[in-house]
There are 2 protein chains.
Amino acid sequence: MSTREPSMVDEGLELLTEEDCGGLLVTARVGRVGVTVGGLPAILPVNYAFLNGDVFFRTGDGTKFRAASGGAVIAFEVDAYDEGEQHGWSVLAIGRAEVVTDPAEIADVDESVRTPWAGGQRNYLVRLRPELMTGRRIVRA
Amino acid sequence: MSTREPSMVDEGLELLTEEDCGGLLVTARVGRVGVTVGGLPAILPVNYAFLNGDVFFRTGDGTKFRAASGGAVIAFEVDAYDEGEQHGWSVLAIGRAEVVTDPAEIADVDESVRTPWAGGQRNYLVRLRPELMTGRRIVRA
């Protein structure tokens, strides 16, 4: 985490740089994918890895797979909060999802993507290459 | 939390009843709102209250306010995880957002909605009346 002064504050939230965001994404393991299903928004948690600037997560052949195989633009969010201190941060990455099919690439990535916590078949590896990455940190008065 | 046997398991995830979901929503304070901004999905954290079946959160006049004042259908998600145990749950509520303007209703709700953790002007109270509420809990093998 950078110790420099925040450069911008938006409604009590410090706006983070893309570098800050990347630094925070490697510290967490659970994020949330935002997709549109039948015209309705949905938010679904995933465990993920952040590698070389991309977000990777596994999925079965459900909602997230359909979004990824269709090349949909998805949102990915990670946050962390301290309820006692009432501070925290959030990072939002937006980009096109794609199913990774190249075996060599899967092998590279695979061992870094943790085994999904839930059991069941999650045979597909999805990559989100962020086209937009923003982050906010709560600034206490 | 119910101790009865899970009735349905979806890819290693126990599907929760709406009653279970409501019981979990009152245990947490931070959730995430999923909206569409300029055709792109976004996920934004909020601190919230769950009262009489509705989700309430405060917002300034930005993205979430625009969604609510336009009566957009939004997604709201809450989850909790234990990284050591690799278990957890998530609840997803979907419904139309609306800005609460009736002063009597605001007065009723207000004291239960916590002061937003971030400073700044968050003058609007938004209600999400869930039309669809689903939840999942990780079932370890």
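Taking segment A:87-96 as the range and being without any contact (Cβ under 8 Å) to a residue 60 or more places away in the chain and buried (at least 16 other Cβ atoms within 10 Å of the Cβ) as the test, the residues that pass are A:88, A:90, A:92, A:94, A:95, A:96. Does at least one position in segment A:56-67 carry a residue that is at the interface with another protein chain (Cβ under 9 Å from one of its Cβ atoms), aliphatic (A, V, I, L, M) and out of contact with any Cys (no Cβ under 6 Å at 6 or more places or on another chain)? Looking through segment A:56-67, none of the residues is at the interface with another protein chain (Cβ under 9 Å from one of its Cβ atoms), aliphatic (A, V, I, L, M) and out of contact with any Cys (no Cβ under 6 Å at 6 or more places or on another chain).
If you check B:60, B:70, B:84 for being farther than 27 Å from residue A:29 by Cα, at pLDDT below 95 and open to solvent by 20 Å² or more (accessible area, probe 1.4 Å), only one passes: B:70. Within segment B:23-47, the set of residues being away from every other protein chain (no Cβ under 12 Å), touching a Phe, Trp or Tyr at 6+ places or on another chain (Cβ under 7 Å) and either part of a strand (DSSP E or B) or modelled with pLDDT of 95 or more (or both) comprises B:24, B:25.
The values are calculated or read from the model by the stated rules, or taken from the named source; none is laboratory data. Everything numeric in this text was worked out from a predicted model, so none of it was measured. Backbone-built Cβ (ideal geometry, glycine too); neighbour counts: all protein chains shown. When the accessible area is computed, the model is the full protein with side chains, heavy atoms only, and any ligands, DNA or RNA have been set aside. Shrake-Rupley method; radii C 1.70, N 1.55, O 1.52, S 1.80 Å.
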